[in-house]
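Written below as structure tokens is the structure these notes are about.
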């Protein structure tokens, strides 16, 4: 009798749990179905589906690009999927692009950080009828329709000229770049080197690599300060390089004596400029790049033609003129 009663209780509990789980999963599935219906409805309502593929999607710079992309997308009824790696990883980024090609999006906007790797992918997309725009970093040997972004060589040249002017044509410089294989980073180094090469009393003693991380930029800068007592200027070819340099110099006995030029008018770089930790910022236009790329892609999909290169402007920002640039990269074209 006791055994029968125990079995009855256990059976009842199991039935109750089963019913509870069934109800739970029923509502979960309904919620998923509703979400899929919403997404499908949005996609069905969009005129075109695009993909934006970046090197480092969590970077503030790329969030500003995304803002421009999404605003243009809303205005033009275009869905844009924002994709990218958490940290720089060319292989992972190229796989993302391959997946978008296979998925049959209407157009791709890609930061072609390494031309040799991305040129075949871009041509593959174009061969399948998917137009491609490069943004921020170009792949001119590919069949991309147009490049939208900074002239990276000229931006590097502007950095070198600004440093030479501010230091009266005399300096011992260390360069920290996020990569020696990224096309845009190489161009920024080359432009800078050509600019300062015109000055007999400006020497570049080393070029260090940060792998696009703030921590490694700080470590490289600290090592350079210890190894090269004569270094009195740094050039960082990206925002993270400039921020890392400032981190290394903070509290150092030579902090006030070392000049720093860095890229991008982001919240932190502007704050460091105002605090005197960075002396010059080479400011790009990430919002405009994003906005213009969507407008251009829509035009291409509708049969319009655009120049193969659409350069966005570069501003040289110092403490003397920073009040003229309140937009922190969010300047709408």
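Can you find even one residue in the stretch 200-210 that is assigned to a strand (DSSP E or B), more than 20 Å from residue 153 (Cα to Cα) and outside the structural domain of residue 136 (by TED's automatic domain parsing)? Talk me through it step by step, then tell me what you get.
Just the residues of the stretch 200-210 that are assigned to a strand (DSSP E or B), to begin with: 201-209.
So of that shortlist, the ones also more than 20 Å from residue 153 (Cα to Cα) come out as 201, 205.
When the remaining residues are screened for being outside the structural domain of residue 136 (by TED's automatic domain parsing), the result is 201, 205.
Yes, the stretch 200-210 contains at least one residue that is assigned to a strand (DSSP E or B), more than 20 Å from residue 153 (Cα to Cα) and outside the structural domain of residue 136 (by TED's automatic domain parsing).
Residue 125: at pLDDT 95 or above, closer than 21 Å to residue 187 by Cβ and buried (at least 20 other Cβ atoms within 10 Å of the Cβ), yes or no? Before you say what the answer is, go through the steps one by one.
Numbers: at pLDDT 95 or above: yes; closer than 21 Å to residue 187 by Cβ: no; buried (at least 20 other Cβ atoms within 10 Å of the Cβ): yes.
So residue 125 fails the test.
Which ones in the stretch 146-177 are assigned to a loop (DSSP other than H, G, I, E, B) and more than 20 Å from residue 285 (Cβ to Cβ)? Before you say what the answer is, go through the steps one by one.
First pass over the stretch 146-177, keeping only residues assigned to a loop (DSSP other than H, G, I, E, B): 150-151, 167-169.
Result: 167, 168, 169.
Return the total of residues in the stretch 244-267 being in contact with a helix residue (DSSP H, G or I) (Cβ under 8 Å, 6 or more places away or on another chain), at pLDDT below 95 and assigned to a helix (DSSP H, G or I).
Within the stretch 244-267, residues that are in contact with a helix residue (DSSP H, G or I) (Cβ under 8 Å, 6 or more places away or on another chain), at pLDDT below 95 and assigned to a helix (DSSP H, G or I) number 2.
Every residue, every condition in (1) more than 22 Å from the chain's Cα centre (by Cα); (2) closer than 22 Å to residue 291 by Cβ; (3) in the same structural domain as residue 57 (by TED's automatic domain parsing), yes or no:
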{"site": "105", "(1), (2), (3)": "no, yes, yes"}
{"site": "117", "(1), (2), (3)": "no, no, yes"}
{"site": "128", "(1), (2), (3)": "yes, no, yes"}
{"site": "134", "(1), (2), (3)": "no, yes, yes"}
{"site": "137", "(1), (2), (3)": "no, yes, yes"}
{"site": "141", "(1), (2), (3)": "no, no, yes"}
{"site": "145", "(1), (2), (3)": "no, yes, yes"}
{"site": "157", "(1), (2), (3)": "no, no, no"}
{"site": "161", "(1), (2), (3)": "yes, no, no"}
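Within the stretch 59-89, track down each residue that is in a helix (DSSP H, G or I) and over 10 Å from the mean Cα position of the chain (by Cα). Spell out the reasoning first.
First pass over the stretch 59-89, keeping only residues in a helix (DSSP H, G or I): 60-76.
Hits for the stretch 59-89 are 67, 68, 69, 70, 71, 72, 73, 74, 75, 76.
Which residue, of 296, 206, 237, is crowded, with 16+ Cβ neighbours inside 10 Å and in contact with a helix residue (DSSP H, G or I) (Cβ under 8 Å, 6 or more places away or on another chain)? Don't jump to the end; show me each part of the working.
Details: 296 fails: in contact with a helix residue (DSSP H, G or I) (Cβ under 8 Å, 6 or more places away or on another chain); 206 fails: crowded, with 16+ Cβ neighbours inside 10 Å.
None of the others qualify; the one that does is 237.
Got a sec? Which of 199, 153 is in contact (Cβ under 8 Å) with a residue 12 or more places away in the chain, surrounded by fewer than 24 Cβ atoms within 10 Å (Cβ to Cβ) and touching a strand residue (DSSP E or B) at 6+ places or on another chain (Cβ under 9 Å)? Give the derivation first.
Values: 153 fails: touching a strand residue (DSSP E or B) at 6+ places or on another chain (Cβ under 9 Å).
That would be 199, the only listed residue that is in contact (Cβ under 8 Å) with a residue 12 or more places away in the chain, surrounded by fewer than 24 Cβ atoms within 10 Å (Cβ to Cβ) and touching a strand residue (DSSP E or B) at 6+ places or on another chain (Cβ under 9 Å).
Of the residues in the stretch 290-333, how many are part of a helix (DSSP H, G or I), within 17 Å of residue 149 (Cα to Cα) and at pLDDT below 95? It would help to see each step written out before you state the result.
Taking the stretch 290-333 and keeping what is part of a helix (DSSP H, G or I), we get 290-301, 322-324.
Checking the rest, the ones that are also within 17 Å of residue 149 (Cα to Cα) come to 290-297.
Now restrict to residues that are at pLDDT below 95: none.
Qualifying residue count for the region: 0.
Suppose the filter is at pLDDT 95 or above and either within 20 Å of residue 46 (Cβ to Cβ) or not assigned by TED's automatic domain parsing to the domain that holds residue 293 (or both); does residue 81 pass it?
yes
The values are calculated or read from the model by the stated rules, or taken from the named source; none is laboratory data. Note that the structure is predicted; figures quoted are calculated from it, not measured. Cβ sites come from the backbone with ideal geometry, for glycine too, and all protein chains shown count toward neighbours.
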